[in-house]
1. Quick one: what pairs do we get from the stretch 33-48, first residue touching a residue at least 40 places away in the same chain (Cβ under 8 Å), second surrounded by 16 or more Cβ atoms within 10 Å (Cβ to Cβ) and among the basic types (Lys, Arg), C-beta under 8 Å, 6+ apart or different chains?
2. Go through the stretch 165-177 and count every residue that is farther than 16 Å from Phe133 by Cβ and touching a helix residue (DSSP H, G or I) at 6+ places or on another chain (Cβ under 8 Å).
3. Assess whether Ala145 counts as being touching a strand residue (DSSP E or B) at 6+ places or on another chain (Cβ under 7 Å), closer than 25 Å to Ile67 by Cα and of a type in the set (Gly, Ala, Ser).
4. Looking at the structure I just gave you, is Glu152 of a type outside the set (Phe, Trp, Tyr), open to solvent by 50 Å² or more (accessible area, probe 1.4 Å) and either in contact with a helix residue (DSSP H, G or I) (Cβ under 7 Å, 6 or more places away or on another chain) or farther than 24 Å from Gln86 by Cβ (or both)?
5. Looking only at the stretch 48-89, which residues are within 21 Å of Gly137 (Cα to Cα) and over 14 Å from the mean Cα position of the chain (by Cα)?
6. Quick test of your reading of the structure: Glu144 fulfils all but one of (1) within 16 Å of Gly74 (Cα to Cα); (2) at pLDDT 95 or above. Name the failing condition by number.
7. If a residue must be farther than 14 Å from Ile7 by Cα, touching a residue at least 40 places away in the same chain (Cβ under 8 Å) and surrounded by 22 or more Cβ atoms within 10 Å (Cβ to Cβ), how many such residues does the stretch 73-90 contain?
Amino acid sequence: MSETPRILELNPGHAFGLGQQMAGDNQINRTMVDQYALANVELQEYDVLLITDFIDQEYLFTHKRKIEAFLEAGNIVIFCGHLFRQWLPGCSPFMPKQIRSHKDYYMVINEPNGIFAGVEIEDMVYNKGVAGFFARGYHPAPKEAEVQLTFEDGKPITYVDRHSTNGTILVHAGRSLFQYSGQSKSTDRIGKQAWQWVVSECHQLKGEKVQ
């Protein structure tokens, strides 16, 4: 795979996403379509399927076989949100985090060279002094998953699953990882590093080395 990875993003059309850009949009080969166009999209034209919060999961459930086939063909699905319908292979339903104090939102970066490399925990936990915007719960990870970010009690916030299918599934229990940029704090690294992860993972799946 010599070209830039081709990303298809399903747009849920909610007010919070209007005009939203991805970090690194100027270098990302991204196509955005209305979520209800999935049934008619030729997924073989893409390497990555990006699905974010506010997506219609009942609709996705009716097309779960199409998503499964995309993964079995050796591609990537990225889901950022709270799963409540079993449309994503290997992914368990979202579980809310029990919160007694703002300190319960604190996290641990398990992969120091991964998507969250160099990101300060406090910059994720707090936004303008308020905690809880980054992650409020978790998805129990498959046994062999690579867990990149957890709460301090070990509950997985972000994980990579390379075993449930022939492809790769990245699950993040929050809003889109690609939206983090322009905040003038260390979380600005997340969007760029998520894109770097996509490039590297695509090359590995295609059996090529990243240049």
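The values are calculated or read from the model by the stated rules, or taken from the named source; none is laboratory data. Given the structure is predicted, the values throughout are model-derived calculations rather than measurements. Counting neighbours? That spans all protein chains shown, and the Cβs are built from the backbone with ideal geometry, glycine included. Each accessible area value is taken on the protein alone, full model and side chains, heavy atoms only, with ligands, DNA and RNA left out. Shrake-Rupley method; radii C 1.70, N 1.55, O 1.52, S 1.80 Å.
1. Tyr46/Arg6; Asp47/Arg6; Val48/Arg6
2. Applying the first criterion (farther than 16 Å from Phe133 by Cβ) to the stretch 165-177 yields 165-171.
Next, only the ones that are touching a helix residue (DSSP H, G or I) at 6+ places or on another chain (Cβ under 8 Å) stay: 165-170.
Total satisfying the criteria: 6.
3. Details: touching a strand residue (DSSP E or B) at 6+ places or on another chain (Cβ under 7 Å): yes; closer than 25 Å to Ile67 by Cα: yes; of a type in the set (Gly, Ala, Ser): yes.
So Ala145 fits the description; yes.
4. Numbers: of a type outside the set (Phe, Trp, Tyr): yes; open to solvent by 50 Å² or more (accessible area, probe 1.4 Å): yes; either in contact with a helix residue (DSSP H, G or I) (Cβ under 7 Å, 6 or more places away or on another chain) or farther than 24 Å from Gln86 by Cβ (or both): yes.
Yes.
5. In the first step, residues of the stretch 48-89 are kept if they are within 21 Å of Gly137 (Cα to Cα); the result is 50-58, 77-89.
Matches in the stretch 48-89: Asp56, Gln57, Glu58, Phe84, Arg85, Gln86, Trp87, Pro89.
6. (1)
7. 1
Okay, residues lined up against (1) open to solvent by 10 Å² or more (accessible area, probe 1.4 Å); (2) out of contact with any helix residue (DSSP H, G or I) (no Cβ under 9 Å at 6 or more places or on another chain); (3) modelled with pLDDT of 95 or more:
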site: Tyr46; (1), (2), (3): yes, no, yes
site: Leu50; (1), (2), (3): no, no, yes
site: Ile55; (1), (2), (3): yes, no, yes
site: Leu71; (1), (2), (3): no, yes, yes
